[in-house]
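> Sharing a structure here in structure tokens format.
The values are calculated or read from the model by the stated rules, or taken from the named source; none is laboratory data. Not measured: the values here are computed from a predicted model. Methodologically, a virtual Cβ is constructed for each residue, glycine included, from the backbone with ideal geometry; neighbour enumeration extends over all protein chains shown.
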Amino acid sequence: MSVEAQAFWDEVHRGRGRSRHGEPHPYLREVLGSLHPGRALELGCGDGATAIWLAAHRWTVTAVDISRVALDAASEHAERAGVSSHITWQRADLRDWTTHETFDLVTALFLHTPLELDAPAVLARAAAATRKGGTMLTVGHYTLPPWAWAPADTDGLLSASELVAAIGLHEPGWRTILAEEVRRTVTGCDAHASTVLDAVLHAVRATAPPTRSPVAPSVA
């Protein structure tokens with residue numbers, strides 16, 4: 001686990017305070033309304049907004065983050081919401097994270113950092129953890145508000161279609177439901193509003209391998 005990354009994110013969440021508790025991304029709320037609750041995995045869970053929302057909607061959640069400060073705050077939020085028994089909090093560096101489990105829903109929202117992180121590689125491992133018939137939903141920054149820090153790799157702000165290719169969801173075995181840039185209004189700490197574009201990728205893993213058309217016998 002990277003000591004640098006742990007210290008950075010601990011400081012970020014310490015500055016936000018434990019009273020702060022965000023809301024899930026609006027597209028996630030829209031998608032989840034049509035899914036039957038099951039086992040969910042969230043990578044980069046932060047203060048737990050998405051994990052807690054999922055648990056409140058009857059999902060059993062494994063939520064992963066590198067920051068102990070964030071996970072402690074998330075646990076407190078979950079306790080107050082009455083859903084702590086439905087969430088397992090895991091502390092891990094996403095650069096090293098892996099799992100042998102599979103999930104009905106895998107989500108990773110805004111893996112955006114000024115530190116080095118191969119987000120497509122993380123998301124590819126997340127895709128592998130999606131069970132057959134399961135849903136993968138990832139949202140990334142395609143444009144940034146003025147107050148956001150610059151990413152370590154400016155080429156890391158991928159479009160949704162670039163994410164599809166980078167993660168490998170263009171391969172047989174996946175069905176893309178949505179891969180596009182979605183406009184959203186965000187508000188900074190000073191109440192200044194800005195319009196950004198989110199790269200939204202929503203895909204479903206096929207329940208069976210794609211069928212192949214029979215090959216006609218050659219005629220001598």
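> Out of 30, 23, report the one residue that is in contact with a helix residue (DSSP H, G or I) (Cβ under 7 Å, 6 or more places away or on another chain), acidic (Asp, Glu) and at pLDDT below 90.
Criteria check complete, one pass: 23.
> Could you list, in sequence order, the residues of the stretch 164-182 that are out of contact with any strand residue (DSSP E or B) (no Cβ under 6 Å at 6 or more places or on another chain), under 21 Å from residue 27 (Cβ atoms) and not aliphatic (A, V, I, L, M)?
Scanning the stretch 164-182 gives 170, 180.
> Something else: Would you mind finding the one in 193, 179, 165, 206 that is crowded, with 16+ Cβ neighbours inside 10 Å, of a type in the set (A, V, I, L, M) and at pLDDT 70 or above?
Just a single option satisfies the conditions, and that option is 179.
> For the stretch 70-91, state whether one or more residues are in a loop (DSSP other than H, G, I, E, B) and under 15 Å from the mean Cα position of the chain (by Cα).
No, that holds for no residue.
> Given (1) at pLDDT 90 or above; (2) surrounded by fewer than 14 Cβ atoms within 10 Å (Cβ to Cβ); (3) more than 14 Å from the chain's Cα centre (by Cα), identify the lone condition not met by residue 121.
Condition (3) is where residue 121 drops out.
> Here's another thing I want to ask about it. Collect the residues in the stretch 99-123 that are under 14 Å from residue 65 (Cβ atoms) and not in a loop (DSSP other than H, G, I, E, B), keeping them in residue-number order.
If the condition is that a residue be under 14 Å from residue 65 (Cβ atoms) and not in a loop (DSSP other than H, G, I, E, B), then 107, 108, 109, 122 are the ones that fit.
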